[in-house]
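Structure, as structure tokens:
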Amino acid sequence: MSDTNLKYTDPIDTSKLSFADFKAMVLNDYHIVCESREASLLGRKEVLTGKAKFGIFGDGKEVAQVAMAKAFRNGDWRSGYYRDQTFAFATGISNIYEFFSQMYAHPDIQAEPASGGRMMNGHFATRELTADGHWLNQMALKNSSADISTTGGQIPRLLGLAQASKIYRQNKDLAYLTHFSNNGNEVAFGTIGNASTSEGVFFEAFNAAGVLQIPLAISVWDDGYGISVPNKYQTTKEDISEVLKGFQRDDKGNGYEIFKVRGWDYPGLCETYEQAIRICREEHVPVFIHVTEMTQPQGHSTSGSHERYKSRERLLWEEEYDCVAQMRKWMLESAIATEKELIAIEEQAKTFVKSEQVRAWNDYVEAFAEEKATAIRLLRAIDYKPVQHLATRLEKIKEPNLKQIYGTVRKAIRELRAYQNPQKESLIQWYKAQQRVNHDRYNSTLFTETSESPKYIEVIPAAYEEKAKMVDGREVLNACFAANFEREPRLLAFGEDLGAIGDVNQGFAGLQARFGEHRIFDTGIRETAIIGEGVGMALRGLKPIAEIQYVDYLLYGLTVLSDDLACLSYRTKGGQKAPLIIRTRGHRLEGIWHSGSPMAMILGSLRGLHVCVPRNMTQAAGMYNTLIRSDEPALVIECLNGYRLKERMPSNIGDFTVSLGVAELIREGADVTVVSYGSTLRLVQEAAVELNEMGISIEIIDPQTLQPFDVEHLCAQSLRKTNKLLVVDEDVPGGASAFILQQILEEQKGYYSLDSQPRTLSAKPHRPPYGTDGDYFTKPSMDDIIEMVCEIMHESNPDKFPNLF
Ligand SMILES: Cc1ncc(C[n+]2csc(CCOP(=O)(O)OP(=O)(O)O)c2C)c(N)n1
Ligand SMILES: [Mg+2]
């Protein structure tokens, strides 16, 4: 989109460089640096004059980034944060036009390819997929994973991006994936602010990379502050590389190669990055580059001014050691360039940035001009004074946003509520058609929805031989995983105790020995890092299954799941996907930290993932078979108490599929529809037997997945017969059961079929105490289910069904 005049910075081979080439390279770098600085200065003005809502810029960090960009090759990955604009410009990951388009929240990916206006400025992402969601050739791209705003949140994903290189280098069966790797030679570049290294996610992931020995290069942009809080309150010894010295590799073992360099020292930075990245790429050793003495000429962001918290001395020092000024000084002192040459570059940069900003703004305004014109034309056609006023008001807004255009149209439709005429009808028809356009702009791509979506995976029922063996549930899963590992070389599985012993419930027993440690492996106890590894590897074309030992511990991985994975497709408007499967187990656990069913937490924070709650291991296997063949992320919660229950072994264990979102009728009945899933489903089945003896017949429905939920509306269909509803689960009151009620009553319009109060039976609001009795008095028991069904029957027919108590 941009006809940027930037020349991207190139790797240097100084041995072959003539002075003229060297000078050209340095001046080109200076040009990039100047353009980036101008973008920051102008960007801040755009916010202060009200054209953009918020601005955060990379001023003070330019020189290090132009040096880092020299070491960045096609096929490499970036996982960074909002200060990286210079790096983005220098590598072609972004450009000035796109930078401003993002500030204005331009909703068109042609203008703002990172997110289609969804992410705030300085949040970079390259488009990794074709328009229909299939992988592009990553080896022909400079790749940037999609930024997130949470400080340090980019680092867990960085692990997986680097680990993928190691997997590709180790596993020769993956050599055919030439669009993702060239023998694992790719480096994952991470960036993080000094203060953000205080976050737990940083330390956890940092340690993991040292253990894994993967080609990752973390740069810390150290400007001494995190907003207003100085390093004194952030970092032990006020120096992160000092603190991390123990990670330095030596001849005794694994570790990092650690570098420290000043952020205004251009030649030092070029040399450091050249050396650090060479070690990282060739030896597959993580490297850490602490870039100190950086500045923030305009303060943290447009939300405040740094004069409030920086001393006069500090401000004076920042002025002197501003990296652009220092680079300039160095060029003059080393006679690389004349004052005149530098002034010419600076002026060119200023003019170019201004013209790109204006172009971005004009395109943004132009994108809505036709909609404004059409709205006014349709409003003008309506001969009604209040509507004419609205048209005039909209006309007067020179550069309206969509809220102003559609707010006016909706107000007009309300004004016209008592009128019927063809002109009003035209307005409404246009508004409805435009709602589809706006849906695409602001509400689309929660899932990537490619032809590999779970929706389109062929449904193959489980088949059984006549003498099918009854086996432990865990054996069903084990056979399913074995078949999939045999068939799909991209598949990986890892987690705590998953490798050598094959997970705590032996779903993977024997599989590491069969398929190798490079495909099935143990990890340290570090849920955040486990999820990050999964996300990064999935971005690079692998098919990881990341295991979280128990669902309660998902909380430790939730930041990455929620901030990163769940919104990845949405925040890039379908530009990136990470088909990661998270496997965990829960329900019917006992104990305060083993409650086992934090389903509302999951439903509330993980939209963008499929949430599977299989009632037994056969259903779980069918779901894995579906998910492994598809390309969307999912969480599968197996029932902890199901591993040793007997199930029949399907003859097509690796091939049968379970369609996600299709509920199953477990038992037919006439009186009450009972919806339940996971472990409570079995209790409902047991309760059904006693209820039957009491003359009450319940119909049981298992939705099987909570996201998506019963897409064929089986629950509403059942309600039309029974007119009574009970939802049973073991989440907190008003947790997942409230979600299920909303789906059935509102979404499926089940409300119209009810003739008694819909009920939910869930666990108590506190966590369950340890032991059988703790469980009995906290979670729904068979007794509770029977009694609540009786209450429902009593409400509808008190004579026939007297109160039990
Ligand atoms: C998890 C989280 N906590 C707090 C914030 C608010 N916040 C945004 S930037 C920032 C300071 C980060 O400082 P540093 O890491 O040094 O990066 P810098 O902006 O100085 O480059 C804070 C506290 C956030 N975005 N995410
Ligand atoms: Mg900082």
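The values are calculated or read from the model by the stated rules, or taken from the named source; none is laboratory data. Here the structure is a predicted model, which is why all the values come from computation and not from measurement. As a convention, Cβ positions derive from the backbone with ideal geometry for all residues, glycine included, and neighbour counts pool all protein chains shown.
Please state which one of S94, S165, S115, S181 is touching a Gly at 6+ places or on another chain (Cβ under 8 Å), hydroxyl-bearing (S, T, Y) and over 24 Å from F288 (Cβ atoms). Full working, then the answer.
Values: S94 fails: touching a Gly at 6+ places or on another chain (Cβ under 8 Å); S165 fails: over 24 Å from F288 (Cβ atoms); S181 fails: over 24 Å from F288 (Cβ atoms).
That would be S115, the only listed residue that is touching a Gly at 6+ places or on another chain (Cβ under 8 Å), hydroxyl-bearing (S, T, Y) and over 24 Å from F288 (Cβ atoms).
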- Message: With the structure loaded, tell me whether T235 is within 24 Å of the chain's Cα centre (by Cα) and within 16 Å of ligand 2 (Cβ to nearest atom) or whether it fails that test.
- Response: no
- Those residues of the stretch 390-412 which are of a type outside the set (D, E, K, R) and exposed (fewer than 14 other Cβ atoms within 10 Å of the Cβ), in sequence order: T392, I397
- Note on the structure: Per the list (1) of a type in the set (S, T, Y); (2) surrounded by fewer than 23 Cβ atoms within 10 Å (Cβ to Cβ); (3) more than 16 Å from ligand 2 (Cβ to nearest atom), residue check on Y273 breaks on (2)
- Message: Could you list, ordered by first residue, the pairs with Cβ atoms under 6 Å in which the first is in the stretch 46-66 and farther than 19 Å from G190 by Cβ and the second is away from ligand 1 (no atom under 13 Å from the Cβ) and small (G, A, S), at least 6 apart or interchain?
- Response: E46/A52; G55/G43; F57/G43
- Test set (1) buried (at least 24 other Cβ atoms within 10 Å of the Cβ); (2) farther than 14 Å from Y256 by Cα; (3) within 16 Å of ligand 2 (Cβ to nearest atom); (4) not β-branched (V, I, T) - E186 fails condition number: (3)
- Message: Would you confirm, using the coordinates I've provided, whether Y168 is crowded, with 21+ Cβ neighbours inside 10 Å, more than 13 Å from ligand 1 (Cβ to nearest atom) and more than 22 Å from F87 (Cβ to Cβ)?
- Response: yes
- Among the candidates T760, T778, single out the residue that is closer than 22 Å to A687 by Cα, out of contact with any helix residue (DSSP H, G or I) (no Cβ under 7 Å at 6 or more places or on another chain), of a type in the set (S, T, N, Q) and not assigned by TED's automatic domain parsing to the domain that holds L589. T778
- Failed item, numbered, when M623 is tested on (1) in contact with a helix residue (DSSP H, G or I) (Cβ under 7 Å, 6 or more places away or on another chain); (2) closer than 26 Å to I530 by Cα; (3) crowded, with 24+ Cβ neighbours inside 10 Å: (1)
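Could you say whether any residue in the stretch 287-298 is in the same structural domain as E242 (by TED's automatic domain parsing) and away from ligand 1 (no atom under 16 Å from the Cβ)? Let's see the steps before the verdict.
At the first step, the residues of the stretch 287-298 found to be in the same structural domain as E242 (by TED's automatic domain parsing) are 287-298.
With the extra rule that they be away from ligand 1 (no atom under 16 Å from the Cβ), the set shrinks to 287.
Looking for residues that are in the same structural domain as E242 (by TED's automatic domain parsing) and away from ligand 1 (no atom under 16 Å from the Cβ), one finds at least one in the stretch 287-298, hence yes.
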- Task: Determine whether the stretch 195-203 contains at least one residue that is near ligand 2 (Cβ under 9 Å from one of its atoms) and charged (D, E, K, R).
- Result: no
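Assess whether F180 counts as being aromatic (F, W, Y), under 21 Å from G536 (Cα atoms), away from ligand 2 (no atom under 11 Å from the Cβ) and not in a helix (DSSP H, G or I).
Numbers: aromatic (F, W, Y): yes; under 21 Å from G536 (Cα atoms): yes; away from ligand 2 (no atom under 11 Å from the Cβ): yes; not in a helix (DSSP H, G or I): yes.
In short, yes.
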- Message: When you check E319 against the structure, is it without any contact (Cβ under 8 Å) to a residue 40 or more places away in the chain, assigned to a helix (DSSP H, G or I), away from ligand 1 (no atom under 16 Å from the Cβ) and not aromatic (F, W, Y), yes or no?
- Response: yes
- Among A188, A175, A162, the single one that is of a type in the set (A, V, I, L, M, F, W, C) and free of Cβ contacts under 8 Å to residues at least 40 places away in the same chain is A175
- Message: Would you confirm, using the coordinates I've provided, whether E242 is surrounded by fewer than 18 Cβ atoms within 10 Å (Cβ to Cβ), more than 13 Å from ligand 2 (Cβ to nearest atom) and either more than 17 Å from A64 (Cα to Cα) or under 28 Å from the mean Cα position of the chain (by Cα) (or both)?
- Response: yes
- Message: Exactly one condition in (1) touching a residue at least 12 places away in the same chain (Cβ under 8 Å); (2) farther than 20 Å from R262 by Cα; (3) more than 13 Å from ligand 1 (Cβ to nearest atom) is false for S311; which is it?
- Response: (1)
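Is there a residue being under 22 Å from R44 (Cβ atoms), within 16 Å of ligand 2 (Cβ to nearest atom) and of a type outside the set (V, I, T) anywhere in the stretch 287-295? Give the steps one after another, and end with the answer.
Initial filter on the stretch 287-295 (under 22 Å from R44 (Cβ atoms)): 294-295.
Checking which are within 16 Å of ligand 2 (Cβ to nearest atom) leaves us with 294-295.
Then keep just the ones that are of a type outside the set (V, I, T); that gives 294.
Yes - at least one qualifying residue is present in the stretch 287-295.
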- Message: Step by step: first the residues of the stretch 321-373, then only those that are basic (K, R) and more than 30 Å from G117 (Cα to Cα), then the one that is surrounded by the most Cβ atoms within 10 Å (Cβ to Cβ). Which residue is that?
- Response: R328
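Would the stretch 355-369 turn up any residue that is under 30 Å from N438 (Cβ atoms), more than 16 Å from ligand 1 (Cβ to nearest atom) and β-branched (V, I, T)? Spell out how you get there, then give the answer.
Filtering the stretch 355-369 for residues under 30 Å from N438 (Cβ atoms) gives 356-369.
Imposing the further condition that a residue be more than 16 Å from ligand 1 (Cβ to nearest atom) reduces the set to 356-369.
When the remaining residues are screened for being β-branched (V, I, T), the result is 358, 365.
Yes; the residues of the stretch 355-369 include at least one that is under 30 Å from N438 (Cβ atoms), more than 16 Å from ligand 1 (Cβ to nearest atom) and β-branched (V, I, T).
What are the residues in the stretch 235-252 that are within 13 Å of ligand 1 (Cβ to nearest atom) and at positive phi, if any? Explain how you work it out, then say what you get.
Let us first name the residues in the stretch 235-252 that are within 13 Å of ligand 1 (Cβ to nearest atom), namely 235, 238, 240.
E238 - this is the single residue of the stretch 235-252 that is within 13 Å of ligand 1 (Cβ to nearest atom) and at positive phi.
How many residues are acidic (D, E) and within 15 Å of ligand 1 (Cβ to nearest atom) if we restrict to the stretch 39-71? Please lay out each step first, then the result.
From the stretch 39-71, those acidic (D, E) are 46, 59, 62; that's our starting set.
Restricting the remaining residues to those that are within 15 Å of ligand 1 (Cβ to nearest atom) gives 59, 62.
Residues flagged as acidic (D, E) and within 15 Å of ligand 1 (Cβ to nearest atom) within the stretch 39-71 amount to 2.
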- Message: Step by step: first the residues of the stretch 196-234, then only those that are within 13 Å of ligand 1 (Cβ to nearest atom), surrounded by fewer than 24 Cβ atoms within 10 Å (Cβ to Cβ) and among the polar types (S, T, N, Q), then the one that is farthest from Q163 (Cα to Cα). Which residue is that?
- Response: S228
- Query: Can you name every residue in the stretch 85-94 that is assigned to a loop (DSSP other than H, G, I, E, B) and buried (at least 24 other Cβ atoms within 10 Å of the Cβ)?
  - Reply: I93, S94
- Examine the stretch 126-149 for a residue that is crowded, with 20+ Cβ neighbours inside 10 Å, free of Cβ contacts under 8 Å to residues at least 60 places away in the same chain, under 20 Å from G574 (Cα atoms) and under 20 Å from the mean Cα position of the chain (by Cα), and state whether such a residue exists. no
- Of the residues in the stretch 82-93, how many are touching a helix residue (DSSP H, G or I) at 6+ places or on another chain (Cβ under 6 Å) and within 15 Å of ligand 1 (Cβ to nearest atom)? 3
- Query: Restricting attention to the stretch 305-314, does a residue exist that is within 16 Å of ligand 2 (Cβ to nearest atom), in contact with a Lys or Arg (Cβ under 9 Å, 6 or more places away or on another chain) and either closer than 17 Å to A64 by Cβ or at pLDDT 95 or above (or both)?
  - Reply: no
- Query: Any residue at all in the stretch 639-653 that is touching a Phe, Trp or Tyr at 6+ places or on another chain (Cβ under 7 Å), at pLDDT 95 or above and among the hydroxyl-bearing types (S, T, Y)?
  - Reply: yes
